[in-house]
Amino acid sequence: MPHETTAREPHDDGPGNDPGGGRVPPSCGPVENRDAGTDPEFGDLLLVDLLHPDWRNFFTRYRTDLGGFAVVSLICIFIVVATRWLAMIGAGAGR
Amino acid sequence: MALHPLDIAVLAAYLVAMLVIGLACAGAVKTQKDLFLGGRRFGKLLLTFQTFGIGTHSEQVVAVVGQCYRNGLSGIWWQFMWLFCTPVYWMSHTLLRRMRITTAADYWAQRFSPGLAALSAVSGLFQVTFMIATLLKAMATVADSVTGGEIPPNLVIPIAAVLFVFYTVAGGLYAATITDLVQGVLTILLSLLLPYIFARTGGMAGLHQILDPSRFAYTMPGEMTWFYIAVLSINSLVGVYTGPHTVTNAGSGRNEWDVRVGVMAGTLLKRFLTVAWAFLGLGALALNPGLADHEQAFGVLVRQLLPPGLVGLMVAAILAGCMSACEALMLAGASLVTRNLYAPLIPARPDRHYLGVGRVASVAIVAVSVVLAYELDSVLDGLKHVWAVCAFMGLAWWGGVIWPRTTAAAAWVSTAVTAVMYLGTLVYNRWAAEHARHVLPFAEQCALYLACGLAALVVTSLLTRHRDPGAVRRFYRKMRTPLTLASEFDAEE
């Protein structure tokens, strides 16, 4: 059986050790999910954890990814629907 | 049709402005990071226009207008096929920034092996050279169409190439991105024709009176099917991050949040403008039915509707739409040559030395592209090959991020299987065409090579081991460490 190597191994030194003591430089935009730095088994990027996500804290840990994905999906649906609606403006005018 | 002196003046003013920006930014470029990534200091506004500039080309406007002229509103899907990938970009571009890499090949070196990094660099260089050539060719064709042959295509290619090489080599990604901002605004102006069209046709009600109702249908049975859209969307998503310019784009952001917002704003801006281009196509059909070549529809509209001065502005916008993409591609290619091909052979030189190499590589890449541009016959056929080549390593790229078990051996096998399957379908299609058999459409080719490549990736990963498990552990540790946390990875910034 091949040896699966990931940051999930117990001896691994993950960001949970937080070598910087959780320092957050100023003016760097919104702080990414801080939970990411507390558990070496998971991060805050859903795609990295996609095959083994943190189900227990799913909506808090991945909130930036999930929220943005939902908003952008809605905008894309809006573009498709609005284009159709724009195209039909004046259709009742007849030929 | 001779260009009006006012048009020539506008065009000249644009060209001079680009040169001045390049010279003004020259002092800011002191290191490789400045040249290739703008010092990783770009905020949301610059990233928005950089994304828009890299992703939007003049020939896309012409293609959408032309397709909508030919097929009605359903022609919009030639660009909207990427719409379904857009929400994923929100999550995936951040991966590139989190990796803290400078080139696309750096990822392969960190996650897999130096051999795959070299393969990625060579593949990326091929993509960059081919894409610049395709863009230059397309730009010359569009400029020729808009000016009615007033500006010879053979002259446009070298002039544009010299111009963007000069300001980008001098000012690096700083100059490229500031010009992207100007060029983005100009590209938006390509939609300026819409009010003129509505004035002529009497608005949307007038369009409905002139055109057949079928022209407003949203689907195109037989040509643009849901299967075609779905497969090409998946193919583009698979291959998007093997393109070296995506690292230039995401890597130049000052933090992950700005990358998310900037990339998304630039991408959505393009999506909204695509809607305007589609209505330009319908307007062109209403005003000029019966054109022999539907791709001339945009050029005819420009000549027909715009007053002197605005025609020059439109030509400037077409040049801008091409050059903003070319400059990012050129820098991405130069960074691959410098960091992933030259530096491993001649290491431990001062940064200034590699900066010089990067500049020379930039010029060389564009020189090859210019020669190639004169040899390209079909722009669309060329782009299809680029899409396919992007996907060759794409499955392994995603595997390396999502599945820790993905090994270097699996990446090699998957890349090889995908490439062989693609070439196999090309050979089969040639045979099928000669023997009157079913020729595989491009979407079926994509589905076949992606399925085989994925199977090869999974099976080989299950059968092989990591050569350097420590490197894989470190990679995932980095991917779980946000930029905002001080960490052992800060030195890679």
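Any read-out appearing in this document is the output of simple, stated calculations on the displayed coordinates, not a laboratory observation. Since we're looking at a predicted model, the values are computed, not measured. Don't worry about glycine lacking a Cβ; one is built from the backbone with ideal geometry, like all the others, and counts go over all protein chains shown.
Worth pointing out:
- Shielding score for B:485-493, defined as the mean number of other chain Cβ atoms within 10 Å: 4
- Counting Cβ atoms of other protein chains within 10 Å of each residue's Cβ and taking the mean over peptide A:42-53 gives 5.
- Radius of gyration, Dmax [the protein assembly as shown; alpha carbons; angstrom]: 24.3, 75
- Between the listed residues A:78, A:53, A:43, the Cα displaced farthest toward the positive end of the dipole of the range A:35-93, a dipole computed from Cβ unit charges relative to the Cα centre, is found at A:78.
- Positive-end extreme of charge dipole, the range B:172-286 - chosen from B:273, B:181, B:193 (charges on Cβ): B:193
- Cβ charges +1 (Lys, Arg) and -1 (Asp, Glu), total dipole of the range A:35-93, debye: 480 debye
- Degrees between helix B:310-335 axis and first principal axis of chain B (Cα, 0 to 90, nearest 10): 10 degrees
- Given charges at beta-carbon only (K, R positive; D, E negative), |dipole| of the protein assembly as shown in Debye: 420 debye
- Evaluated over the protein assembly as shown, the count of Lys pairs having alpha-carbon atoms less than 30 Å apart is 10 (only pairs 8 or more residues apart or interchain).
- Peptide-level mean, for B:403-411, of C-beta atoms on other protein chains within 10 Å: 2
- Sorting the segments A:82-88, B:93-99 by their mean number of nearby beta carbons within 10 angstrom, highest to lowest, gives B:93-99, A:82-88.
- Where Rh is the Kirkwood radius over Cα pairs, Rg/Rh for the range A:35-93: 1.34
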